[in-house]
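Asker: Structure in structure tokens, see below.
The values are calculated or read from the model by the stated rules, or taken from the named source; none is laboratory data. It should be emphasised that the depicted structure is a prediction, and the values quoted were computed from it without experimental measurement. Cβ coordinates were reconstructed from backbone atoms using ideal geometry, including for glycine residues, and neighbour counts include every protein chain displayed. Surface areas here come from the heavy atoms of the whole protein model, side chains and all, with no ligands, DNA or RNA. Shrake-Rupley method; radii C 1.70, N 1.55, O 1.52, S 1.80 Å.
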Amino acid sequence: MKSKRIAFAASAAALSLVLVGCGAGSGGSAASDGDLVTVNAGEPQNPLLPGVTNETGGGRILNVINARLVYYTADGKPKNDLAESIKQNSNSTEFTIKVKKGMKFSDGSDLNAHSFVDAWNYMANPKNAQAQGFFLEDVKGYEPGPEKGKEGEAKDILALEGLKILDDHTFKVELNQPASDFALRLGYSAFAPLPKKAFEDMKAYGEKPLSSGPYKLADDGWRHNEYIKVVANDKYNGPQKAKNKGINFKIYTKQDAAYQDLLGGQLDAVDNIPDSAFGSYKKDLGDRAVNQPAAIFQSFTIPVSTPHFGVDDEGRLRRQALSMSIDRKQITDKVFQGTRTPAKDFTSPAIDGWSDKIPGSEVTNFDAAKAKDLWAKANAIKPWDGKFQIAYNADGGHQAWVDAVCNQIKNTLGIDAEGKPYPDFKSFRDDITNQKLKAGFRTGWQADYPGMYNFLGPTYATGGPSNDGQYTNPTFDKLLREGNAAPDVKTANAKYIEAQQILLKDLPAIPLWYSNVNGGSAESVSGVKFGWDGQPLYHEIEKK
């Protein structure tokens, strides 16, 4: 909803920074607020930097201000954007990329091969506290490391052996091993280019970045916890040209407030319907209501360091017992009123290769007797004590389902179980990032690019940037590597299915359901469409 963690709503402490020239030329707008398409958004957790952002609060902004080598169509097909061509060798270990000539950043500076290589080398340095360096692990010379700097602080730009400039508009990427979906990944925001200006003061740049995409930040672009405004970027000459003058991303801490603003004419479109309106929004909005599949997976995660829930016999038994205590169909029918589908794996039906018949997936079936038996076996190893909790951000509309899941666990297993609310997404994510949560907590994944590996690698591979549960399993990691090295996507997906069999045994996260995108628009706009990832195609929206 990062790699993107889903932030269906978000808020952060107020922040005001004095910028020192880095954003000069990024803004500028003749459009008034009334000319902008107004949509719901959440406060980004981090500065607006491709190598740092791994949640949807900032991700949706990066997606509209940063063009990449490729973009994804509404159905998830990759098409060239800034790339003139991407050619790979026969075993997918070398990629020669030509950047279109004449491309510019929003301040008029050149956008070329150096813009990508410099950005990726910056992202690859662990000193930069990046969230996304994981995506470069296949590039020759990449070495993950534990050393971290302050968030957004520009440290040394590396010179990865596998990134080679051939001329101003051509560069080559050499990989350590074949990566069957590397070209597909290049539409993700982590692979966006950066201008030279960014490296003068990366933290300041992250507050007011330049643009390479269809929109650029307005002069009054980011007012923390209130809005982020972008306007059409006249320097962008790609296939996603804006059909409107700009977007006002209005930041909400409550989904209900955003929906009421939509009904009241204060908002043009929303991409989340609050659960309080599931029974009425189709009637309220008529043919302007949206309910369609999206590449979104929902779960709750229990860190392996949590007492009783390690990756050992006791921990596996307890995790399996919790999973089989949950009647997913009842919750998706009653709480979500058919806008979710019970999960049978860790990916999404919207992704090529998905299957609901993976061996071991019966652990996602509701079976009260089996759940009690598994819990009793865990108690025989070590008696249970304490309270089971699922933490969540209260500004995201999660209380109803968390309460329902906890009640089912309580009723099935006879233990004390309850939700643990945080006031906003940022404080919730900060405790997760800093590994302060020793309880279950809500997790979700909205795909960065339309491939199975994207659901599995960042979230469950050892050292993955969004591996919030600190899970590690060498066999699982090996299967992911074998999938990446496969000669084609079909063979790769077979390996990813095999890897999921391990996840269904260890359950680093408890699969819950796949989300549809539930949204809608006001009569003030037309052309509102949602893509494969559940995000609106903002550049297609037109003001009437």
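Asker: Are any residues in the stretch 511-526 open to solvent by 30 Å² or more (accessible area, probe 1.4 Å) and either among the hydroxyl-bearing types (Ser, Thr, Tyr) or over 19 Å from the mean Cα position of the chain (by Cα) (or both), and if so, which ones?
Answerer: Glu523, Ser524, Ser526 - these are the residues of the stretch 511-526 that are open to solvent by 30 Å² or more (accessible area, probe 1.4 Å) and either among the hydroxyl-bearing types (Ser, Thr, Tyr) or over 19 Å from the mean Cα position of the chain (by Cα) (or both).
Asker: Against the conditions (1) of a type outside the set (Asp, Glu); (2) part of a loop (DSSP other than H, G, I, E, B); (3) surrounded by 21 or more Cβ atoms within 10 Å (Cβ to Cβ); (4) out of contact with any helix residue (DSSP H, G or I) (no Cβ under 8 Å at 6 or more places or on another chain), where does Thr53 fall short? Just the number, please.
Answerer: It fails just one condition, (4).
Asker: Considering only residues that are assigned to a loop (DSSP other than H, G, I, E, B) and either open to solvent by 10 Å² or more (accessible area, probe 1.4 Å) or modelled with pLDDT under 95 (or both), which ones fall in the stretch 201-213?
Answerer: Asp201, Lys208
Asker: Looking for something of a type in the set (Ser, Thr, Tyr) and closer than 18 Å to Leu504 by Cα - is there at least one such residue anywhere in the stretch 434-451?
Answerer: yes
Asker: Something else about it: Quickly run through the stretch 97-107 and pick out the residues that are under 27 Å from Lys208 (Cβ atoms), assigned to a strand (DSSP E or B) and hydrophobic (A, V, I, L, M, F, W, C).
Answerer: The one that is under 27 Å from Lys208 (Cβ atoms), assigned to a strand (DSSP E or B) and hydrophobic (A, V, I, L, M, F, W, C): Val99.
Asker: A follow-up question, please. Would you kindly identify the helices (runs of 4 or more DSSP H) lying entirely within the stretch 381-470 that contain at least 3 residues that are open to solvent by 10 Å² or more (accessible area, probe 1.4 Å) and closer than 30 Å to Pro293 by Cα?
Answerer: 399-413, 425-433
Asker: Could you tell me which residue of the stretch 32-60 is nearest to Lys203 (Cα to Cα), considering only residues that are acidic (Asp, Glu) and at pLDDT 85 or above?
Answerer: Here the answer is Glu43.
Asker: Further question on the same structure: Does at least one position in the stretch 17-26 carry a residue that is at pLDDT below 90 and within 23 Å of the chain's Cα centre (by Cα)?
Answerer: No, that holds for no residue.
Asker: If you don't mind, there's one more thing I want to ask. Would a scan of the stretch 349-361 turn up a residue that is at pLDDT 95 or above and more than 26 Å from Gly534 (Cβ to Cβ)?
Answerer: Checking the stretch 349-361: at least one residue is at pLDDT 95 or above and more than 26 Å from Gly534 (Cβ to Cβ).
Asker: Counting only residues that are β-branched (Val, Ile, Thr) and in a helix (DSSP H, G or I), which one in the stretch 471-496 is surrounded by the most Cβ atoms within 10 Å (Cβ to Cβ)?
Answerer: My answer is Val489.
Asker: Looking at the stretch 474-503, I want the residues that are over 12 Å from Leu456 (Cα atoms) and have a partner that is of a type in the set (Phe, Trp, Tyr) and open to solvent by less than 60 Å² (accessible area, probe 1.4 Å) with Cβ atoms under 9 Å, at least 6 apart or on another chain. Which pairs are those?
Answerer: Close Cβ pairs (under 9 Å, with a partner that is of a type in the set (Phe, Trp, Tyr) and open to solvent by less than 60 Å² (accessible area, probe 1.4 Å)) amount to Ala492/Tyr453.
Asker: Quick one: which of Ala218, Ala198, Ala192 is touching a Phe, Trp or Tyr at 6+ places or on another chain (Cβ under 6 Å) and open to solvent by less than 10 Å² (accessible area, probe 1.4 Å)?
Answerer: Ala198
Asker: Separate question: Does the stretch 171-189 hold any residues that are open to solvent by less than 10 Å² (accessible area, probe 1.4 Å) and either within 22 Å of Lys104 (Cβ to Cβ) or of a type outside the set (A, V, I, L, M) (or both), and which are they?
Answerer: Phe171, Phe182, Arg185, Leu186, Gly187, Tyr188, Ser189, listed by residue number.
Asker: Suppose we keep only residues that are open to solvent by less than 50 Å² (accessible area, probe 1.4 Å), outside any strand (DSSP E or B) and touching a Pro at 6+ places or on another chain (Cβ under 8 Å) within the stretch 69-96. Which one would you say is farthest from Phe116 (Cα to Cα)?
Answerer: Among those that are open to solvent by less than 50 Å² (accessible area, probe 1.4 Å), outside any strand (DSSP E or B) and touching a Pro at 6+ places or on another chain (Cβ under 8 Å), it is Gly76.
Asker: Does Tyr252 fit the bill of being open to solvent by 10 Å² or more (accessible area, probe 1.4 Å) and modelled with pLDDT under 95?
Answerer: yes
Asker: Before we move on, is Pro508 over 14 Å from the mean Cα position of the chain (by Cα) and under 16 Å from Phe346 (Cβ atoms)?
Answerer: Taking the combined requirement at face value, the residue satisfies it.
Asker: Could you list, in sequence order, all residues of the stretch 223-259 that are within 25 Å of Asp284 (Cβ to Cβ), in a loop (DSSP other than H, G, I, E, B) and not β-branched (Val, Ile, Thr)?
Answerer: Asn244, Tyr252, Lys254
Asker: Additional query: Go through the stretch 479-517 residue by residue and tally those that are within 30 Å of Asn272 (Cβ to Cβ) and among the hydrophobic types (A, V, I, L, M, F, W, C).
Answerer: Number of matching residues: 8.
Asker: Another one. Output yes when any residue across the stretch 116-124 is modelled with pLDDT of 85 or more, open to solvent by less than 10 Å² (accessible area, probe 1.4 Å), assigned to a loop (DSSP other than H, G, I, E, B) and of a type outside the set (Phe, Trp, Tyr), and no when none is.
Answerer: Checking the stretch 116-124: not a single residue is modelled with pLDDT of 85 or more, open to solvent by less than 10 Å² (accessible area, probe 1.4 Å), assigned to a loop (DSSP other than H, G, I, E, B) and of a type outside the set (Phe, Trp, Tyr).
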